[in-house]
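Remarks on the structure that follows.
The values are calculated or read from the model by the stated rules, or taken from the named source; none is laboratory data. Everything numeric in this text was worked out from a predicted model, so none of it was measured. Cβ sites come from the backbone with ideal geometry, for glycine too, and all protein chains shown count toward neighbours.
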Amino acid sequence: MGLLTWAAVTAVGGVALWIPPLAVPVAHFFGFSSGGIVGGTMAAAAQSYVGYISSSSVIAGLQSAAMLAPTP
C-alpha cells in the first residue's frame, strides 16, 4: 500500500503542481490541509512510506499549495 500510495501522490501531485489551478484541489483530495497532513489519508500514507520529506519534494509542494487556501 505504501509504495503505490506514494507513487500515486507523487505522479498525480507532480502533474498538478505544473498546472497551478489543479494544485490546491488535488492537494486537498490527497489529504493535505492548511493545518498539515491529515491522518489516515493518502498523503499520510505517502509521508509514512518515505519518512524524511525533502523541501523540494512533491509532497512538500502539495503541502505548500494546500496552505494557500483554507481546507474545505
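For this structure, a couple of remarks:
- Residue tally, condition in a loop (DSSP other than H, G, I, E, B), on the phi > 0 side of the Ramachandran plot and either more than 8 Å from the chain's Cα centre (by Cα) or of a type in the set (Val, Ile, Thr) (or both), over region 23-40: 1
Here is a yes/no grid of residues against (1) of a type in the set (Ser, Thr, Tyr); (2) surrounded by fewer than 21 Cβ atoms within 10 Å (Cβ to Cβ); (3) in contact with a strand residue (DSSP E or B) (Cβ under 9 Å, 6 or more places away or on another chain):
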site	(1), (2), (3)
LEU3	no, yes, no
ALA7	no, yes, no
VAL12	no, yes, no
ALA16	no, no, no
PRO21	no, yes, no
ALA27	no, no, yes
SER33	yes, yes, no
ILE37	no, no, no
MET42	no, no, no
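- Some residue of region 46-56 being surrounded by 15 or more Cβ atoms within 10 Å (Cβ to Cβ) and without any contact (Cβ under 8 Å) to a residue 40 or more places away in the chain: yes
- SER34 modelled with pLDDT under 95 and under 24 Å from MET1 (Cβ atoms): no
- Only listed residue being in a helix (DSSP H, G or I), modelled with pLDDT of 95 or more and not charged (D, E, K, R), chosen from LEU3, LEU62: LEU62
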